[in-house]
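Okay, structure first, notes after.
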Amino acid sequence: MADNFSKKLRGKLSVSDDAYWSHEAKAILRAELERRAVTYDRLAQLLQAQGFQETTRSIANKVSRGSFSFVFFLQVMRVLGVQQVAMTPTQKVDGVLFSGEPVGSKS
């Protein structure tokens with residue numbers, strides 16, 4: 001996946017390319033897990049303790065695809081005790097400023 005993403009980056013992703021946003025979602029979730037030294041196995045245990053039906057494998061599959069729901073993201077952030085999430089983009093893409101605003105827009 002990383003190699004495929006790199007190839008797409010070389011081809012200049014557009015702001016509407018889902019591969020870019022999937023990569024960002026995956027990177028943000030993984031960063032929060034790494035900050036807390038939480039493995040997928042431990043995350044599955046934490047989610048199951050709250051009544052969510054997740055396994056280590058289901059979590060690995062969701063994160064690998066980067067196409068998990070925002071509901072799943074919120075569940076993970078809650079069980080990790082995250083209060084703030086860093087939203088710094090991992091890659092600069094033509095058409096997207098680091099603020100997340102499209103190029104040329106006025107705030």
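We did not get these values from a lab; they are worked out from the coordinates using the rules stated. None of the values given here were measured: they were computed from a predicted structure. Positions of Cβ are generated from backbone atoms using ideal geometry, with glycine treated the same way; all protein chains shown enter the neighbour counts.
Spacing of the modelled spin labels on Leu74 and Thr56, each 7 Å from Cα toward Cβ, amounts to 2.9 nm. Between the amide H of Glu54 and those of Gln48, distances stay under 5 Å, these residues lying 5 or more places away or on another chain, with hydrogens modeled in the peptide plane.
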